[in-house]
Amino acid sequence: MTSTQQADAGRTSELPKWARGNSHRGGPGFGELIEQVRSVMDASRFIAPGDDVARELTADLSRIVERMQAIAVPVDDAAADSREDLPARGNPSLPPFEIIDLGSEGVVAEIVFRAFHLGRLSAHGGNISLLFDELAGYATMHRVTSGFARTAFLKVDYRSLTPIDRPLRARVWVEEIDGRKLHVLGTLHDGDRLCADMTALFIQVPDA
Ligand SMILES: CCCCCCCCCCCCCCCC(=O)SCCNC(=O)CCNC(=O)[C@H](O)C(C)(C)COP(=O)(O)OP(=O)(O)OC[C@H]1O[C@@H](n2cnc3c(N)ncnc32)[C@H](O)[C@@H]1OP(=O)(O)O
(Lines give C-alpha, C1' and ligand atoms only; values in the text may rest on other atoms or scores of the structure.)
Protein backbone atom coordinates (compact mmCIF):
# COMPACT_ATOMS: atom_id res chain seq x y z
CA MET A 1 0.00 0.00 0.00
CA THR A 2 1.19 3.53 -0.66
CA SER A 3 0.87 6.43 1.73
CA THR A 4 -1.63 8.02 -0.64
CA GLN A 5 -3.93 5.05 -0.37
CA GLN A 6 -7.04 5.86 1.58
CA ALA A 7 -6.54 3.80 4.73
CA ASP A 8 -10.18 3.62 5.71
CA ALA A 9 -11.58 2.86 2.24
CA GLY A 10 -13.68 -0.27 1.97
CA ARG A 11 -17.25 -1.45 1.60
CA THR A 12 -19.79 -0.01 3.97
CA SER A 13 -22.73 -1.61 2.14
CA GLU A 14 -23.64 -5.12 0.99
CA LEU A 15 -22.34 -6.39 -2.33
CA PRO A 16 -24.77 -5.84 -5.21
CA LYS A 17 -27.09 -8.84 -5.58
CA TRP A 18 -25.51 -9.89 -8.90
CA ALA A 19 -22.06 -10.08 -7.29
CA ARG A 20 -22.97 -12.04 -4.18
CA GLY A 21 -22.30 -15.46 -5.64
CA ASN A 22 -24.05 -18.76 -5.29
CA SER A 23 -22.82 -22.34 -5.13
CA HIS A 24 -26.06 -24.09 -6.07
CA ARG A 25 -27.58 -22.35 -9.06
CA GLY A 26 -27.63 -24.65 -12.09
CA GLY A 27 -27.17 -27.77 -9.96
CA PRO A 28 -24.14 -29.90 -9.08
CA GLY A 29 -23.49 -30.87 -12.72
CA PHE A 30 -23.23 -27.28 -13.96
CA GLY A 31 -19.44 -27.13 -13.55
CA GLU A 32 -18.97 -30.20 -15.76
CA LEU A 33 -21.31 -28.70 -18.36
CA ILE A 34 -19.31 -25.47 -18.51
CA GLU A 35 -16.08 -27.49 -18.70
CA GLN A 36 -17.50 -29.27 -21.77
CA VAL A 37 -18.43 -25.91 -23.30
CA ARG A 38 -14.83 -24.81 -22.79
CA SER A 39 -13.62 -28.10 -24.31
CA VAL A 40 -15.75 -27.52 -27.40
CA MET A 41 -14.13 -24.10 -27.79
CA ASP A 42 -10.64 -25.60 -27.27
CA ALA A 43 -11.23 -28.45 -29.71
CA SER A 44 -12.65 -26.09 -32.34
CA ARG A 45 -9.27 -24.35 -32.45
CA PHE A 46 -7.50 -27.45 -33.83
CA ILE A 47 -9.76 -28.95 -36.48
CA ALA A 48 -9.98 -28.67 -40.24
CA PRO A 49 -13.01 -30.85 -40.97
CA GLY A 50 -14.29 -31.72 -44.38
CA ASP A 51 -17.66 -30.30 -45.36
CA ASP A 52 -19.60 -33.44 -44.30
CA VAL A 53 -18.08 -33.52 -40.83
CA ALA A 54 -18.52 -29.75 -40.41
CA ARG A 55 -22.22 -30.08 -41.25
CA GLU A 56 -22.67 -33.04 -38.89
CA LEU A 57 -20.98 -31.19 -36.04
CA THR A 58 -23.05 -28.08 -36.76
CA ALA A 59 -26.25 -30.13 -36.56
CA ASP A 60 -25.13 -31.72 -33.26
CA LEU A 61 -24.25 -28.36 -31.75
CA SER A 62 -27.46 -26.74 -33.03
CA ARG A 63 -29.47 -29.30 -31.10
CA ILE A 64 -27.55 -28.45 -27.94
CA VAL A 65 -28.00 -24.70 -28.50
CA GLU A 66 -31.75 -25.19 -28.98
CA ARG A 67 -31.97 -27.18 -25.71
CA MET A 68 -30.15 -24.43 -23.85
CA GLN A 69 -32.24 -21.65 -25.42
CA ALA A 70 -35.39 -23.50 -24.33
CA ILE A 71 -34.32 -23.22 -20.67
CA ALA A 72 -33.03 -19.61 -20.78
CA VAL A 73 -33.61 -17.43 -17.70
CA PRO A 74 -33.01 -13.69 -17.11
CA VAL A 75 -29.29 -12.99 -16.94
CA ASP A 76 -29.37 -12.15 -13.21
CA ASP A 77 -30.84 -15.61 -12.52
CA ALA A 78 -28.35 -17.49 -14.70
CA ALA A 79 -25.81 -19.88 -13.19
CA ALA A 80 -22.93 -18.68 -15.34
CA ASP A 81 -21.11 -15.79 -13.65
CA SER A 82 -22.69 -16.57 -10.27
CA ARG A 83 -21.06 -19.86 -9.25
CA GLU A 84 -18.39 -18.78 -6.78
CA ASP A 85 -17.33 -22.45 -6.39
CA LEU A 86 -16.32 -22.76 -10.07
CA PRO A 87 -13.41 -21.37 -12.10
CA ALA A 88 -14.27 -17.84 -13.30
CA ARG A 89 -17.62 -18.21 -11.49
CA GLY A 90 -18.74 -20.64 -14.21
CA ASN A 91 -18.62 -17.96 -16.91
CA PRO A 92 -17.32 -19.69 -20.07
CA SER A 93 -16.42 -16.42 -21.76
CA LEU A 94 -13.74 -15.69 -19.14
CA PRO A 95 -10.35 -17.41 -18.89
CA PRO A 96 -10.88 -20.06 -16.17
CA PHE A 97 -9.09 -18.50 -13.19
CA GLU A 98 -9.27 -19.75 -9.60
CA ILE A 99 -9.14 -17.27 -6.76
CA ILE A 100 -6.29 -18.08 -4.35
CA ASP A 101 -6.64 -15.06 -2.09
CA LEU A 102 -9.05 -12.14 -1.97
CA GLY A 103 -9.15 -9.25 0.50
CA SER A 104 -8.50 -5.56 0.93
CA GLU A 105 -4.91 -6.16 -0.23
CA GLY A 106 -6.24 -7.27 -3.60
CA VAL A 107 -6.74 -10.55 -5.36
CA VAL A 108 -4.39 -13.39 -6.27
CA ALA A 109 -5.58 -15.89 -8.86
CA GLU A 110 -4.24 -18.91 -10.70
CA ILE A 111 -5.00 -19.03 -14.39
CA VAL A 112 -4.41 -21.64 -17.07
CA PHE A 113 -4.92 -20.17 -20.54
CA ARG A 114 -6.04 -22.89 -22.95
CA ALA A 115 -6.17 -23.62 -26.66
CA PHE A 116 -9.18 -21.33 -27.03
CA HIS A 117 -7.09 -18.42 -25.71
CA LEU A 118 -4.25 -18.98 -28.17
CA GLY A 119 -2.93 -16.09 -30.21
CA ARG A 120 0.27 -16.78 -32.14
CA LEU A 121 2.25 -19.36 -30.09
CA SER A 122 1.20 -17.70 -26.82
CA ALA A 123 -1.94 -16.47 -25.10
CA HIS A 124 -3.77 -13.77 -27.06
CA GLY A 125 -3.18 -10.33 -25.53
CA GLY A 126 -6.90 -9.59 -25.50
CA ASN A 127 -7.49 -12.57 -23.23
CA ILE A 128 -4.80 -11.28 -20.87
CA SER A 129 -6.58 -7.89 -20.77
CA LEU A 130 -9.85 -9.67 -20.10
CA LEU A 131 -8.31 -11.53 -17.18
CA PHE A 132 -6.91 -8.30 -15.70
CA ASP A 133 -10.23 -6.47 -16.17
CA GLU A 134 -12.15 -9.19 -14.39
CA LEU A 135 -9.69 -9.47 -11.50
CA ALA A 136 -9.65 -5.68 -11.15
CA GLY A 137 -13.44 -6.00 -10.74
CA TYR A 138 -12.82 -8.29 -7.77
CA ALA A 139 -10.15 -6.02 -6.26
CA THR A 140 -12.25 -2.85 -6.61
CA MET A 141 -15.40 -4.54 -5.34
CA HIS A 142 -13.72 -4.76 -1.93
CA ARG A 143 -12.54 -1.18 -1.90
CA VAL A 144 -15.55 0.82 -3.10
CA THR A 145 -17.81 1.98 -0.31
CA SER A 146 -20.96 0.98 -2.22
CA GLY A 147 -22.16 -0.04 -5.67
CA PHE A 148 -19.32 -1.20 -7.87
CA ALA A 149 -16.63 0.20 -10.14
CA ARG A 150 -16.50 0.33 -13.92
CA THR A 151 -13.36 0.30 -16.03
CA ALA A 152 -12.56 3.77 -17.41
CA PHE A 153 -9.28 2.62 -18.97
CA LEU A 154 -7.03 -0.41 -18.78
CA LYS A 155 -3.49 -0.57 -20.17
CA VAL A 156 -1.48 -3.77 -20.45
CA ASP A 157 2.27 -3.99 -21.07
CA TYR A 158 3.15 -7.38 -22.51
CA ARG A 159 6.61 -8.08 -21.10
CA SER A 160 7.20 -11.65 -22.33
CA LEU A 161 5.22 -14.41 -24.03
CA THR A 162 2.39 -15.85 -21.95
CA PRO A 163 2.18 -19.65 -22.30
CA ILE A 164 -1.00 -21.67 -22.49
CA ASP A 165 -1.65 -24.99 -20.71
CA ARG A 166 0.30 -24.22 -17.54
CA PRO A 167 -0.64 -22.50 -14.29
CA LEU A 168 0.23 -18.81 -14.09
CA ARG A 169 -0.20 -16.43 -11.19
CA ALA A 170 -2.02 -13.07 -11.45
CA ARG A 171 -2.15 -10.40 -8.76
CA VAL A 172 -4.34 -7.29 -8.96
CA TRP A 173 -4.73 -4.63 -6.31
CA VAL A 174 -6.05 -1.11 -5.74
CA GLU A 175 -2.98 1.08 -5.41
CA GLU A 176 -4.70 4.38 -4.69
CA ILE A 177 -8.18 5.78 -4.17
CA ASP A 178 -9.04 9.37 -5.05
CA GLY A 179 -12.75 10.03 -4.46
CA ARG A 180 -14.61 7.81 -6.95
CA LYS A 181 -11.40 7.00 -8.82
CA LEU A 182 -9.59 3.76 -8.06
CA HIS A 183 -6.12 3.34 -9.53
CA VAL A 184 -5.50 -0.36 -10.04
CA LEU A 185 -2.29 -2.28 -10.75
CA GLY A 186 -1.72 -5.90 -11.70
CA THR A 187 0.89 -8.43 -12.69
CA LEU A 188 0.87 -11.81 -14.43
CA HIS A 189 3.76 -14.21 -13.80
CA ASP A 190 4.87 -17.58 -15.15
CA GLY A 191 6.91 -18.70 -12.14
CA ASP A 192 9.39 -15.85 -11.58
CA ARG A 193 9.01 -14.51 -15.11
CA LEU A 194 6.86 -11.43 -15.59
CA CYS A 195 4.52 -11.97 -18.56
CA ALA A 196 2.46 -8.78 -18.35
CA ASP A 197 1.57 -5.91 -16.08
CA MET A 198 -1.47 -3.68 -15.98
CA THR A 199 -2.49 -0.16 -15.01
CA ALA A 200 -6.17 0.72 -14.88
CA LEU A 201 -8.57 3.37 -13.71
CA PHE A 202 -11.91 2.25 -12.29
CA ILE A 203 -14.72 4.65 -11.37
CA GLN A 204 -17.14 3.94 -8.57
CA VAL A 205 -20.76 3.98 -9.77
CA PRO A 206 -24.07 3.16 -8.07
CA ASP A 207 -25.43 -0.35 -8.55
CA ALA A 208 -27.81 -0.64 -11.48
C1 LIG B 1 -15.95 -8.62 -2.39
C2 LIG B 1 -15.48 -9.27 -3.64
C3 LIG B 1 -16.43 -10.26 -4.23
C4 LIG B 1 -16.45 -10.12 -5.69
C5 LIG B 1 -17.28 -11.15 -6.35
C6 LIG B 1 -17.86 -10.71 -7.65
C7 LIG B 1 -16.88 -10.00 -8.46
C8 LIG B 1 -17.56 -9.54 -9.70
C9 LIG B 1 -16.53 -8.95 -10.52
C10 LIG B 1 -17.14 -8.33 -11.70
C11 LIG B 1 -16.04 -7.82 -12.48
C12 LIG B 1 -16.46 -7.08 -13.66
C13 LIG B 1 -15.31 -6.21 -14.09
C14 LIG B 1 -15.53 -5.73 -15.43
C15 LIG B 1 -15.60 -4.22 -15.39
C16 LIG B 1 -15.89 -3.73 -16.64
O17 LIG B 1 -15.40 -4.19 -17.69
S18 LIG B 1 -17.02 -2.45 -16.88
C19 LIG B 1 -17.24 -2.39 -18.66
C20 LIG B 1 -16.26 -1.48 -19.34
N21 LIG B 1 -16.43 -0.14 -18.90
C22 LIG B 1 -17.47 0.60 -19.30
O23 LIG B 1 -18.32 0.19 -20.07
C24 LIG B 1 -17.50 2.00 -18.76
C25 LIG B 1 -18.10 2.99 -19.77
N26 LIG B 1 -17.87 4.33 -19.29
C27 LIG B 1 -18.67 4.86 -18.32
O28 LIG B 1 -19.67 4.27 -17.93
C29 LIG B 1 -18.25 6.16 -17.76
O30 LIG B 1 -17.44 6.83 -18.65
C31 LIG B 1 -17.49 6.00 -16.40
C32 LIG B 1 -16.19 5.19 -16.58
C33 LIG B 1 -18.39 5.30 -15.39
C34 LIG B 1 -17.09 7.36 -15.88
O35 LIG B 1 -18.21 8.22 -16.04
P36 LIG B 1 -18.75 9.14 -14.84
O37 LIG B 1 -19.21 8.28 -13.72
O38 LIG B 1 -19.70 10.11 -15.43
O39 LIG B 1 -17.42 9.82 -14.36
P40 LIG B 1 -16.85 11.25 -14.77
O41 LIG B 1 -17.56 12.25 -13.91
O42 LIG B 1 -16.82 11.43 -16.22
O43 LIG B 1 -15.35 11.09 -14.30
C44 LIG B 1 -15.01 10.92 -12.92
C45 LIG B 1 -13.53 11.13 -12.81
O46 LIG B 1 -12.86 10.09 -13.54
C47 LIG B 1 -12.03 10.65 -14.59
N48 LIG B 1 -12.12 9.79 -15.76
C49 LIG B 1 -13.23 9.21 -16.27
N50 LIG B 1 -12.91 8.47 -17.35
C51 LIG B 1 -11.58 8.59 -17.50
C52 LIG B 1 -10.65 8.05 -18.44
N53 LIG B 1 -11.03 7.20 -19.42
N54 LIG B 1 -9.36 8.38 -18.30
C55 LIG B 1 -8.93 9.19 -17.30
N56 LIG B 1 -9.77 9.73 -16.36
C57 LIG B 1 -11.06 9.44 -16.49
C58 LIG B 1 -12.64 12.02 -14.87
O59 LIG B 1 -11.66 12.89 -15.42
C60 LIG B 1 -13.07 12.45 -13.46
O61 LIG B 1 -11.92 12.86 -12.76
P62 LIG B 1 -12.01 14.06 -11.67
O63 LIG B 1 -12.47 15.24 -12.42
O64 LIG B 1 -13.02 13.60 -10.63
O65 LIG B 1 -10.62 14.17 -11.13
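Worth pointing out:
- Looking only at the range 97-107, and only at residues there that are surrounded by fewer than 21 Cβ atoms within 10 Å (Cβ to Cβ) and part of a strand (DSSP E or B), the one that is modelled with the lowest pLDDT: G103
- So R55, is it under 22 Å from G147 (Cα atoms) and either touching a Gly at 6+ places or on another chain (Cβ under 7 Å) or of a type outside the set (S, T, Y) (or both): no
- Among the numbered conditions (1) touching a Leu at 6+ places or on another chain (Cβ under 7 Å); (2) exposed (fewer than 15 other Cβ atoms within 10 Å of the Cβ); (3) part of a helix (DSSP H, G or I), the only one that S39 does not meet is (1).
- Hey, S129 at pLDDT below 95 and within 12 Å of the ligand (Cβ to nearest atom) or not: no
- The set of residues from the range 145-192 being polar (S, T, N, Q) and either at pLDDT below 95 or within 11 Å of the ligand (Cβ to nearest atom) (or both) comprises T145, S146, T151.
- 1 or more residues touching a residue at least 24 places away in the same chain (Cβ under 8 Å) and under 23 Å from R38 (Cα atoms): qualifying strands (runs of 3 or more DSSP E) within the range 116-190: 168-178, 181-190
- Only listed residue being over 30 Å from T12 (Cβ atoms) and surrounded by 21 or more Cβ atoms within 10 Å (Cβ to Cβ), chosen from A123, A136: A123
The values are calculated or read from the model by the stated rules, or taken from the named source; none is laboratory data. Given the structure is predicted, the values throughout are model-derived calculations rather than measurements. Positions of Cβ are backbone-derived with ideal geometry, glycine not excepted, and every protein chain shown enters the neighbour counts.
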